[in-house]
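See structure below.
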Amino acid sequence: MQLSRDQLLSAYRRMRTIREFEERLHVEFLSGTVPGFLHLYSGQEAIAVGICEQLDDDRDYIGSTHRGHGHCIAKGVDVKAMMKEIYCKKNGVCGGKGGSMHIADLDKGMLGANAIVGGAPPLALGAALSAKLLKTGGVAVPFIGDGAANQGTVAESMNMAAVLKLPMVFMFENNGYAEFTAASYATAGSIEARAKAYNIPAVTVDGADFFAVYEAAREAIERARNGGGPSAIEAKAYRFWGHFAGDPQRYRAAGETKELRENHDCLKIFADKVTQAALLDQAEMNAIDVEVMQLIEDAVAEAKADPQPDPESLYKDVYVSYN
Amino acid sequence: MPIKTYREAINEALRQEMEANDRVIIIGEDVAGGAGGSAGGAEAAGGVMGITAGLATKFGRDRVIDTPITESAIIGMAAGAALTGMRPVAELMFADFIGVCLDQIYNQAAKFRYMFGGKARTPLVVRTMIGAGMGAGPQHSQAIYPMLTMIPGLKVIVPSNAYDAKGLLIQAIRDDDPVIFCEHKSLLGDSCEVPDEPYAIPFGQAAITRKGSDLTLVGISRMVKFCNEVADRLQKDGISIEVIDIRTTSPLDAATILESVKKTGRLVVVDEANPMCSVASEIASIAASDAFDYLDAPIKKVTAPHTPVPASPTLEALYLPTPDKIEVVVRDLLEY
Ligand SMILES: Cc1ncc(C[n+]2csc(CCOP(=O)(O)OP(=O)(O)O)c2C)c(N)n1
Ligand SMILES: [Mg+2]
């Protein structure tokens, strides 16, 4: 599967945007300006972008997690409005009422980050059911961590998706840890094998390799759109930071994250591949980097300057109508 | 007497009961932490808030059990173990996650004794973190004790300070019924005098934290702290407020509340939970039924509004009852 230059540039821009967004947020968080909890997606960009580049805004849906910024950016949620939401400001995507763990943008097919581990897969079933009944040709993609994979909701959702032949791609991101506990301890057997036990076609790919994710996602999405039912992808992932910003990571060997950044950085791997194959040149990517830096700079400045939510908004939108 | 934080008091209660009885075990996510990690697998967290720190190292991982993320199985396993000879203390990290495992609590553990004709004992404790104040957003900040208080078969504990946290948790572990122990996340660092030796505080006994004669303020969990603050402020103006810390919502010490209301003639209930079908409503209804002739003014509630908890710290501050909001209501009621 050969991607066009525009597709490659777009994928690179999205991955770089996620990385800069997260790295900058980390700095801002440590300086004390960001409220609440923050779970950074750095290192996993190729997974969100590898699948979301092939999803449509209007008919395809994703369900996300507590580590949701990357999924949101990959699905096209406005970066500046996201930043404002993380700062809990008035013009944030959710008016400041959701924060980092609840960024949602239904117009972009983004069903919400989710602070309940395992919360999204059943909701994605619903989006897939709507797509099937409304014949939109749409696909629903829940993102699921190695930790979340152990929730009953995930097993229930895979079974239901298989039974109803729903157009879905279960996108597992196995970054080896759930909080401070390793997947090698907490996640028995293999995630790929769990999906296969439901007769769901499943593959395992290197989540640092954009092209591997892209190809697996392409097949799975095609199957879903053609009425072939759900698929699952287990992407081996690399979490560059701790569970949350500020996590001392006592459970990780010294040097582990450094090694990940050196050898499993999806941006470096992407750049190497496209330059070696003479698909893009480094200067083009450098130019994108400069633009992205500026975008993030502006997003942070605008978020800081944005007003606090209006006090009355506390009482608004509990219901559509209450009578 | 030594000064300890709420967090340390809970840790000490767990440690002392584990020392006293080897059937006491801890089950939860990252209650030790570090399992399977590249650092070698040693305890690396002791709970997300460090409350169980050191216990896995001291008692071993057979008794301090890290689980996968799977709340139904955690609570169900703890309930089943309680039914069959163990005394598990399960940790439900944030009370909001109760949505994932409510069946094991509501239809299972709470009902065993009654529906099995009195044959079962379920010495289960579920420790869980409640409350707003940390900008943690709509799914990590709720005060969900009302929905547990309405379930027959459960005991629900809401300690407001370190001393009570230790004594009530020890009682919870020794108790033969399922107990939900609600720790307020904004109280974890608060400290007071806490004896080193183990002690149990019986359930269903409210504490009078300020003596007074003009008005009764009833508080729940963190709100007791705010009530005390208001009482101290008003005392400077010669106003005498009695503050009652109910300590347990089920069983509820109605007698202490009624006695106070009969004396003061005025009642304000302060509750961080949403206002409908709440513990505050229950207390108001008890006072209205059983102290009606003594009331000099309507009963008032100061609660969160009927909305989710917003992520924005600005909105969250508006959401929560505060000493200032309580003071306004109290002063109004005194003029009634
Ligand atoms: C129902 C529920 N249980 C526990 C938590 C606390 N928690 C938040 S993230 C997390 C770990 C999730 O691990 P994983 O699914 O592997 O995702 P990752 O953090 O690695 O992206 C836990 C236990 C939660 N938010 N919701
Ligand atoms: Mg993980």
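Residue-wise test of (1) within 16 Å of ligand 1 (Cβ to nearest atom); (2) within 29 Å of A:Asp247 (Cα to Cα).
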{"position": "A:Arg5", "(1), (2)": "no, no"}
{"position": "A:Glu23", "(1), (2)": "no, yes"}
{"position": "A:Leu30", "(1), (2)": "no, yes"}
{"position": "A:Thr33", "(1), (2)": "no, yes"}
{"position": "A:Leu40", "(1), (2)": "yes, yes"}
{"position": "A:Gly50", "(1), (2)": "no, yes"}
{"position": "A:Gln54", "(1), (2)": "no, no"}
{"position": "A:Ile62", "(1), (2)": "yes, yes"}
{"position": "A:Gly70", "(1), (2)": "yes, yes"}
- Message: Looking at A:Ala217, A:Ala224, A:Ala202, A:Ala197, can you tell me which residue is away from ligand 2 (no atom under 16 Å from the Cβ), under 16 Å from the mean Cα position of the chain (by Cα) and not hydroxyl-bearing (Ser, Thr, Tyr)?
- Response: A:Ala217
- Task: For the stretch A:246-256, enumerate the residues that are more than 9 Å from chain B (Cβ to nearest Cβ) and under 18 Å from A:Gly147 (Cβ atoms).
- Result: A:Asp247
- Message: Quick check on the stretch A:149-171. Is at least one of its residues in contact (Cβ under 8 Å) with a residue 60 or more places away in the chain, buried (at least 24 other Cβ atoms within 10 Å of the Cβ), farther than 12 Å from A:Ile62 by Cα and within 15 Å of ligand 1 (Cβ to nearest atom)?
- Response: no
- The one condition in (1) of a type in the set (D, E, K, R); (2) surrounded by fewer than 21 Cβ atoms within 10 Å (Cβ to Cβ); (3) in contact (Cβ under 8 Å) with a residue 12 or more places away in the chain that B:Glu17 fails to fulfil: (2)
- Selection status of A:Ala178, within 30 Å of A:Leu9 (Cα to Cα), within 14 Å of chain B (Cβ to nearest Cβ), within 16 Å of ligand 1 (Cβ to nearest atom) and of a type in the set (Gly, Ala, Ser): no
- Do we have A:Asp6 as in contact with a Gly (Cβ under 8 Å, 6 or more places away or on another chain), of a type outside the set (A, V, I, L, M, F, W, C) and farther than 21 Å from B:Ala132 by Cα here? no
- Query: Can you name the residue in the stretch B:294-336 that is more than 9 Å from chain A (Cβ to nearest Cβ) and of a type in the set (Ser, Thr, Tyr) and, of all such residues, is farthest from B:Gly135 (Cα to Cα)?
  - Reply: B:Tyr294
- Return only the number of the condition from (1) more than 15 Å from ligand 1 (Cβ to nearest atom); (2) in a helix (DSSP H, G or I); (3) open to solvent by 60 Å² or more (accessible area, probe 1.4 Å); (4) not hydroxyl-bearing (Ser, Thr, Tyr) that A:Arg194 does not satisfy. (1)
- Task: Identify the single condition in (1) open to solvent by less than 70 Å² (accessible area, probe 1.4 Å); (2) touching a residue at least 12 places away in the same chain (Cβ under 8 Å) that A:Lys273 does not satisfy, given that it satisfies every other one.
- Result: (1)
- Item | Candidate set from the stretch A:304-323 (those that are assigned to a helix (DSSP H, G or I) and of a type outside the set (D, E, K, R)); member that is least open to solvent (accessible area, probe 1.4 Å) | A:Leu314
- Message: Suppose the filter is free of Cβ contacts under 8 Å to residues at least 24 places away in the same chain and either touching a Lys or Arg at 6+ places or on another chain (Cβ under 6 Å) or within 16 Å of ligand 2 (Cβ to nearest atom) (or both); does A:Ala188 pass it?
- Response: yes
- Note on the structure: Within the stretch B:71-81, restricting to residues that are within 11 Å of chain A (Cβ to nearest Cβ) and crowded, with 23+ Cβ neighbours inside 10 Å, the one that is nearest to B:Asp96 (Cα to Cα) is B:Glu71
- For the stretch B:98-119, enumerate the residues that are within 12 Å of another protein chain (Cβ to nearest Cβ) and open to solvent by less than 20 Å² (accessible area, probe 1.4 Å). B:Ile98, B:Cys101
- Query: Identify, please: which residue in the stretch A:96-113 is open to solvent by 20 Å² or more (accessible area, probe 1.4 Å) and either assigned to a loop (DSSP other than H, G, I, E, B) or out of contact with any helix residue (DSSP H, G or I) (no Cβ under 9 Å at 6 or more places or on another chain) (or both) and is, among those, nearest to B:Pro310 (Cα to Cα)?
  - Reply: A:Lys97
- Residues satisfying the stated conditions in the stretch A:182-229, i.e. of a type outside the set (Phe, Trp, Tyr) and within 14 Å of chain B (Cβ to nearest Cβ): A:Ala182, A:Ala183, A:Ser184, A:Ala186, A:Thr187, A:Ala188, A:Gly189, A:Ile191, A:Arg194
- Of the residues in the stretch B:274-301, those that are within 18 Å of the chain's Cα centre (by Cα) and surrounded by 22 or more Cβ atoms within 10 Å (Cβ to Cβ) come to B:Ser278, B:Val279, B:Ala280, B:Ile283
- (1) within 16 Å of ligand 2 (Cβ to nearest atom); (2) over 21 Å from the mean Cα position of the chain (by Cα); (3) farther than 21 Å from B:Val48 by Cβ: which one isn't true of A:Met160, the others all being true? (1)
- Task: Determine whether the stretch A:280-303 contains at least one residue that is open to solvent by 60 Å² or more (accessible area, probe 1.4 Å), within 14 Å of chain B (Cβ to nearest Cβ), modelled with pLDDT of 95 or more and under 22 Å from B:Val309 (Cβ atoms).
- Result: no
- Item | One residue from A:Leu129, A:Leu123 being in contact with a strand residue (DSSP E or B) (Cβ under 6 Å, 6 or more places away or on another chain) and outside any loop (DSSP other than H, G, I, E, B) | A:Leu123
- Note on the structure: Taking the stretch A:132-148 and keeping only residues that are away from ligand 2 (no atom under 15 Å from the Cβ) and either within 14 Å of another protein chain (Cβ to nearest Cβ) or open to solvent by 10 Å² or more (accessible area, probe 1.4 Å) (or both), one is left with A:Lys132, A:Leu133, A:Leu134, A:Lys135, A:Thr136, A:Gly137
- Query: If you go through the stretch A:239-253 one residue at a time, do you hit one that is among the small types (Gly, Ala, Ser) and without any contact (Cβ under 8 Å) to a residue 60 or more places away in the chain?
  - Reply: yes
- Message: Yes or no: the stretch A:252-275 includes at least one residue that is within 16 Å of ligand 2 (Cβ to nearest atom) and of a type in the set (Lys, Arg).
- Response: yes
- Note on the structure: Of A:Gly92, A:Gly118, the only residue that is within 14 Å of chain B (Cβ to nearest Cβ) and more than 30 Å from A:Ala301 (Cα to Cα) is A:Gly118
- Return the pairs, sorted by first residue and then second, in which the second residue is part of a helix (DSSP H, G or I) and within 16 Å of ligand 2 (Cβ to nearest atom), the first residue lies in the stretch A:64-88 and is under 18 Å from A:Met293 (Cβ atoms), the beta carbons are less than 7 Å apart, and the residues are 6+ apart or on different chains. A:His69/A:Glu22; A:Gly70/A:Glu45; A:Gly70/A:Ala48; A:Met82/A:His69
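The values are calculated or read from the model by the stated rules, or taken from the named source; none is laboratory data. These numbers come from a predicted model, not from an experiment. Because the Cβ atoms are built from the backbone with ideal geometry, glycine has one as well, and the counts that use them run over all protein chains shown. The area values use the complete protein model at the heavy-atom level, side chains included, leaving out ligands, DNA and RNA. Shrake-Rupley method; radii C 1.70, N 1.55, O 1.52, S 1.80 Å.
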